[in-house]
Every structure is written in structure tokens, then in C-alpha cells.
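Have a look at the structure below, then the notes.
Quick note: the coordinates plus some simple rules give every number you see, no bench work behind them. Everything numeric here is computed off the predicted structure, so don't read it as measured data. Neighbour counts are summed over all protein chains in view; Cβ atoms, including those assigned to glycine, are modelled from backbone coordinates with ideal geometry.
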Amino acid sequence: MGEEFYFYTKTLSVGYHGVPLVENIEIGLKKGQILTLIGPNGAGKTTILQSIIRQLEPLKGAVFLDGKELGRISAGELARRISVVFTERIRPEMMSCRQVVETGRYPYTGRFGILSDRDHRVVRESMELVKVSEIAEEAFEKISDGQRQRVMLARALSQEPELIVLDEPTSFLDIRHKLEFLSVLQRLSREKGLSVVLSLHELDLAERISDRIACIRGDRIDRTGTPEEIFTPGYIRELYGIVAGDYDERTGTAELPKQEGAPQVFVIGGNGTGTPVYRRLQRQGIPFTTGILWENDLDYPAARLLAAEVVGERAFCRVRTEAIRRAKELMKGCREVICTLKAETGGDFYPELLELIEYARANCVFH
């Protein structure tokens with residue numbers, strides 16, 4: 001870590017009462033990039049973020065911003081360069097949402113806290129960015145958790161920071177507002193060069209928004225890199241110690257455990273039509289097999305995680321005679337066959353799938 005990064009840590013160790021929780025942390029990002037911390041609950045993500053902003057004193061090492069060690073930057077300058085959005089519930093009494101956002105301008109207002117015309121303009125623009133202008137005069141204590149989180153982001157943006165640090169900022173947001181919230185961060189990083197360090201539980205969103213990801217495991221940073229370098233087959237299962245269910249890194253698909261036992265149903269699916277049936281069978285506790293699926297088919301990730309066996313083919317290959325034979329063999333061992341395909345979904349390979357459908361009609365209980 002060093003000069004190529006705008007923000008970075010050097011041999012940083014963090015913890016409580018002199019006892020290290022995560023040691024030798026080496027993470028960094030360039031100006032305008034987004035760095036996301038992921039890892040199991042209790043791994044130390046919040047502790048790292050608190051130490052970065054000096055809410056907790058690091059046990060060892062240092063944090064650097066634009067070549068300067070944070071410990072050597074004055075509190076006033078730090079407040080102007082770094083802003084924070086944490087999950088802690090603040091309870092300002094008798095304050096409107098606009099007044100809460102205005103507190104983000106205090107590093108610029110002097111001891112009397114009087115806002116200038118420019119301060120009011122920055123507050124207004126920050127609220128517009130995260131779409132909370134319509135609740136500007138509402139009492140902060142009476143709005144929803146999701147609205148509070150967006151107001152707190154507006155407050156952080158009103159500081160006009162170079163770096164923003166967020167701890168699980170999407171925790172209280174529904175899916176619409178999660179996407180809107182992260183879209184704002186992404187746009188600010190691209191257009192204004194804002195650097196972002198945050199923690200997320202939603203792995204699919206972390207994969208989509210991050211320029212770099214740091215994975216916390218045990219007492220160390222286990223892996224850092226681009227999303228493509230982090231989300232490799234089997235790694236998330238290992239990082240989180242997944243023992244019930246599974247996770248497909250290629251698609252961000254998480255599934256509950258497959259049902260054990262002799263398969264009772266064979267599913268002829270494809271083009272995404274089979275996945276809802278796979279999940280329904282899993283919920284009902286019914287083991288199943290499926291095929292013939294190509295490895296690039298929309299149904300393949302869920303099938304791989306949920307089916308007792310998948311009769312598959314490599315992407316863009318023709319169906320082998322062996323695959324057809326195996327599918328028929330599995331069908332004979334099941335009590336019924338469910339077909340989710342319609343004639344128009346078969347594409348170039350429809351003749352082979354049609355052979356399976358006709359076999360199932362003639363020899364199985366067919367739906």
C-alpha cells in the first residue's frame with residue numbers, strides 16, 4: 001500500500017482494550033473508487049471503520065488520506081474531508097430533517113453555527129441528491145428508518161467530503177431505496193471523485209457497486225481485490241462458513257439446502273422457467289432431478305444448488321446421446337415429470353428436448 005492509493009492503511013491493527021480483533025490491515029482505494037468490506041457478523045467490519053475515522057484509537061499502524069496520516073490532521077480539517085454514516089440511531093429532539101442535514105455544515109460555519117447562502121444551497125442540493133427534499137420540514141424523529149438513513153446520507157454529503165465512510169448503510173432500506181441509495185454513491189464517485197469506504201451484508205450489491213472488496217475472516221483481511229477476483233467459485237461459502245444451503249458466486253444466487261433422498265420428480269426446464277419449480281419443490285421437501293440444461297442456461301445456477309442431479313451440457317454444445325439416455329433413466333425412477341417449457345423456448349436444441357417430452361408423456365406421469 002502506498003502512493004498509488006488516495007486512501008490506504010498500513011499495518012493497521014484494531015480492537016478493544018488493547019486486545020486485537022483484526023490485525024495487519026492493508027486496504028486502499030484510489031480517488032473516486034468504492035471499497036466495500038464484507039465478512040460474517042462480528043468479523044470486525046464496524047471496528048475497522050470506527051478505527052479509520054478515529055472514533056476508536058487504532059492499536060497499531062496508521063491510516064492515510066491523500067498522503068497524510070490521519071492522526072496528524074486536525075479535527076477541523078478531518079471534519080471537512082471525511083464524513084460518516086453509521087447505523088447508530090441518532091435521536092435529535094425537535095429537529096426537522098432539513099435542520100439535521102444543516103448540521104453537516106458545522107465544520108464550515110464557525111463557533112456560532114450561522115449558515116451562509118452557500119451553506120443553504122449545499123444543504124438543498126444534498127437533499128435533492130438523495131430525494132429527501134419533500135420531507136425537509138418533517139420531524140426527523142417521526143420519519144421511517146429508511147428515510148432517516150437517506151437524511152443522514154444527505155447530512156454527510158453536505159459536508160462536501162473527499163471520503164465518506166458508511167457502516168451497513170442499506171440495513172433499513174427496502175429494495176427500491178437500497179438501489180437508489182447506492183446509485184447516488186456510485187454517481188458521486190464517478191462524477192465528483194468522491195471516495196467511499198463502506199460495509200455491506202448484501203453480497204449481490206457489494207459485487208455490483210464496488211471497485212474493490214476487502215474480505216474479513218478471523219483476525220485478518222483474507223482477500224482483497226476487484227469483484228471478479230473475490231467472487232470466485234466456492235470462496236463465499238468458505239468465507240462465511242456456509243453449512244446450510246449454498247451460494248453461487250457467478251450469479252449472486254443463494255439457495256436453501258437441497259432436499260436429500262431419492263428423487264421423486266424430474267423437471268424439464270430451461271430459459272429460467274424451471275427455477276420457480278425447483279424452489280417450490282425444495283419448500284415442499286421433495287428431492288428432484290432436472291435436465292437437459294446447458295451450463296449458461298438461466299436455470300443452471302439454481303439447479304446446480306438444489307437438484308439431486310443435473311443432466312447438463314457445456315455451453316453452446318449439442319445434446320449428447322449419453323445425456324438423453326441419462327435423462328430418460330432418471331425419469332423412470334421418478335414418480336412424475338414436470339415440464340416448464342413451451343414449444344417456442346426450445347430454440348435450436350428443441351428436437352432433443354422434444355424427444356424427452358414425448359418419452360415422458362408416453363412413460364411417466366406428466367405435467
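Take every Cα pair under 8 Å whose residues are at least 6 apart in sequence, average their separation, divide by the length of segment 1-145, and the relative contact order is 20 percent. Computed over Cα pairs, the Kirkwood radius of segment 165-215 leads via Stokes-Einstein (0.692 mPa s, 37 °C) to a diffusion coefficient of 291 µm² per second. So what's the angle, to the nearest 10 degrees on a 0 to 90 scale, between helix 321-332 and the longest Cα principal axis of the chain? Orientation of helix 321-332: about 80 degrees from the principal axis.
A Förster radius of 25 Å combined with the Cβ-Cβ distance from LEU115 to SER74 puts the calculated FRET efficiency at roughly 0.65. Computed from phi, the 3J(HN,Hα) profile of segment 200-211 under the Karplus parametrisation 6.51, -1.76, 1.60 (θ = phi - 60°) reads 9, 8, 7, 5, 5, 6, 4, 5, 7, 8, 7, 7 Hz, with x in place of Gly and Pro. Applying a DSSP loop filter and a limit of 12 other Cβ atoms within 10 Å to the GluC sites (Glu not before Pro) in segment 2-70 leaves GLU3, GLU4. Using the Cβ-Cβ distance between ARG279 and ARG176 with R0 set to 25 Å, the FRET efficiency works out to roughly 0.60. Between the amide H of LEU21 and those of VAL14, GLY15, TYR16, distances stay under 5 Å, these residues lying 5 or more places away or on another chain, with hydrogens modeled in the peptide plane. Less than 5 angstrom separates the built amide H of VAL84 from those of VAL165, all sequence-distant by 5 or more or on a different chain. The packing ranking of peptides 15-21, 361-367, highest mean first, is 361-367, 15-21, where packing means the average number of other beta carbon atoms within 10 angstrom of each residue. Taking amide H as placed 1.01 Å from N in the peptide plane, the amide H of GLY61 sits under 5 Å from that of SER13, each at least 5 places away or on another chain. Between VAL196, VAL84, VAL319, the GNM of the chain built on Cα springs shorter than 10 angstrom shows VAL319 fluctuating the most. From the coordinates of this entry, mean projected area of the Cα convex hull in nm² is computed, and it appears in [x] 22.9; [y] 20.4; [z] 24.4 under the label [x].
When a/c is below 1.5 the answer is rounded, else prolate if a/b is larger than b/c, else oblate, so apply that to segment 176-279 with a ≥ b ≥ c taken from the square roots of the Cα gyration tensor eigenvalues. Oblate shape, in that a/c is at least 1.5 and b/c is the bigger or equal ratio.
Estimated from the Cβ-Cβ distance and a Förster radius of 35 angstrom, the FRET efficiency linking ALA139 and TYR16 is about 0.50.
Among the GluC sites (Glu not before Pro) within segment 237-269, those in coil by DSSP and having at most 14 neighbouring Cβ atoms inside 10 Å are GLU260.
Per-residue Karplus couplings for segment 115-126, computed as 6.51 cos²θ - 1.76 cosθ + 1.60 with θ equal to phi - 60°, are listed in order as 7, 8, 4, 5, 4, 5, 5, 4, 4, 4, 5, 5 Hz, Gly and Pro entered as x. Checking every one of the trypsin sites (Lys or Arg not before Pro) in segment 20-129 against DSSP loop status and a limit of 10 other Cβ atoms within 10 Å picks out ARG89, ARG111. Taking every C-alpha pair closer than 8 Å and separated by at least 6 residues, the mean separation divided by the residue count of the chain gives a relative contact order of 15 percent. For segment 286-337, the fraction of C-alpha pairs farther apart than 12 angstrom is 61 percent. The dipole here belongs to segment 256-363: it is taken about the Cα centre, uses +1 on the Cβ of Lys and Arg and -1 on the Cβ of Asp and Glu, and is about 320 debye. Across segment 144-150, coupling constants 3J(HN,Hα) worked out from phi with the 6.51/-1.76/1.60 Karplus curve, θ = phi - 60°, read 6, 4, x, 5, 4, 5, 6 Hz, and Gly and Pro carry x. Remark: the Cα gyration tensor places segment 93-164 in the prolate category, a/c being 1.5 or greater and a/b exceeding b/c.
Compared with the direct C-alpha span, the chain from GLU355 to GLU228 gains 41.8 nm at full extension, assuming 0.36 nm per residue. Could you work out the percent of alpha carbon pairs in segment 256-363 separated by over 24 Å, rounded to a whole number? Cα-Cα pairs of segment 256-363 separated by over 24 Å account for 13 percent.
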